[in-house]
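The values are calculated or read from the model by the stated rules, or taken from the named source; none is laboratory data. Bear in mind the structure is a predicted one, so any value in this text is a computation, not a measurement. Ligands, DNA and RNA are excluded from the accessible area calculation, which covers all protein heavy atoms including side chains. Shrake-Rupley method; radii C 1.70, N 1.55, O 1.52, S 1.80 Å.
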Amino acid sequence: MKNNLEKLSEIKINEELNNKVFRDFIKYFESKNKLKISENLLTKFESTVNKIATYNDHEFVKQSDLFGMLFIEQNEIVNFSEKFKEAIRETMFKEVIHYQTLNSNLKDEFEIKYNKKTLTKEEKEHASKLVKWIRNQVEIFSNEKLINENPQLQNKITGEVVKEFFREQNEIFIKIYKWHANVFEVMTK
């Protein structure tokens, strides 16, 4: 990665680059972690991200460009890598996390009713529909094309790091989806 960042030293940042994604992410990151990044470090992050986006001929900063922040040597933010990955996970996969939370809450509610034998026919039908929907999600998340052909993940500098992160997250989501599908399937009987 360091070799890739060296390529950036000669890059003149595209003045028309839209870096709203960077600015929004930094606001979210600071708020989530209850901290304020110094102007010096913020400038380093922004310059690196903008240069990566420019190098990739992006008209606007993409989330994959943000991963360049991981390769800035700094000692201002303790456990930066973990904090960055958690924040980027919450932004990249916001919708997936939302649906898994809804499924989890419904699963808990249905499980209580199932154990009390008060689960209604409509709720069992709903659980059956959820099983089908969840299994479809597992199929989607299991498809390598989602990673390898995803234009948002194509990046000459951070591409491999981003794809590995995406794979790790997919594996977690798939495990959760499979668990939810199994529980809902038991309830349909």
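Points worth noting:
- Segment Asn143-Thr188, length gained on full extension (0.36 nm per residue, minus Cα span): 13.5 nm
- The chain - percent of accessible surface contributed by carbon and sulfur, probe 1.4 Å: 50
- Counting only heavy atoms of the protein chains and using a 1.4 Å probe, Tyr99 has close to 100 Å² of accessible surface.
- Sequence of Lys145, Lys129 from largest to smallest accessible area, 1.4 Å probe: Lys129, Lys145
- Accessible-area value, Leu130, 1.4 Å probe, nucleic acids and ligands omitted, Å²: 20
- In order through segment 103-119: 3J(HN,Hα) via Karplus (6.51 cos²θ - 1.76 cosθ + 1.60), integer Hz, x for Gly, Pro: 4, 5, 5, 5, 4, 4, 5, 5, 5, 4, 5, 4, 5, 8, 6, 10, 5
- Computed with a 1.4 Å probe over protein heavy atoms only, the accessible surface of segment 127-189 comes to 57 Å² per residue.
- Computed with every protein chain present, the accessible area of Val186 is close to 80 Å² [probe 1.4 Å].
- Excluding ligands, DNA and RNA, the accessible surface per residue across segment 1-71 is 57 Å² with a 1.4 Å probe.
- Full-extension gain in nm, Lys34 to Lys124, via 0.36 nm per residue minus C-alpha separation: 28.1 nm
- Karplus-derived HN-Hα couplings along segment 64-76 (A = 6.51, B = -1.76, C = 1.60, θ = phi - 60°), whole Hz, x at Gly and Pro: 5, 5, 4, 5, x, 4, 5, 9, 8, 6, 7, 10, 7
- Ranked from largest to smallest solvent-accessible area, with a 1.4 Å probe on the protein heavy atoms, Asp57, Asp108 come out as Asp57, Asp108.
- Entries of Lys85/Lys175; Lys107/Lys163; Lys44/Lys145 with Cα pairs more than 23 Å apart: Lys107/Lys163; Lys44/Lys145
- Given (1) 1, 7, 14, 16, 14, 12, 9, 8, 7, 5, 3, 2, 1, 0; (2) 1, 7, 14, 17, 17, 14, 12, 9, 6, 2, 1, 0, 0; (3) 1, 8, 17, 22, 24, 18, 8, 2, 0, the label whose value is P(r) over Cα pairs in 5 Å bins from 0, in percent derived from this model: (1)
- Along segment 140-154 the Karplus relation, 6.51 cos²θ - 1.76 cosθ + 1.60 evaluated at θ = phi - 60°, assigns HN-Hα couplings of 4, 6, 7, 7, 4, 4, 4, 9, 5, 10, 7, x, 5, 9, 6 Hz to successive residues, with x for each Gly and Pro.
- Amide H contacts of Asn18 (H built 1.01 Å from N, under 5 Å, at least 5 apart or other chain): Phe60, Val61
- With respect to the chain, whose longest principal axis is taken over its alpha-carbon atoms, helix 80-92 is tilted by about 60°.
- Angle in degrees between helix 20-33 and the longest Cα principal axis of the chain, rounded to the nearest 10: 70
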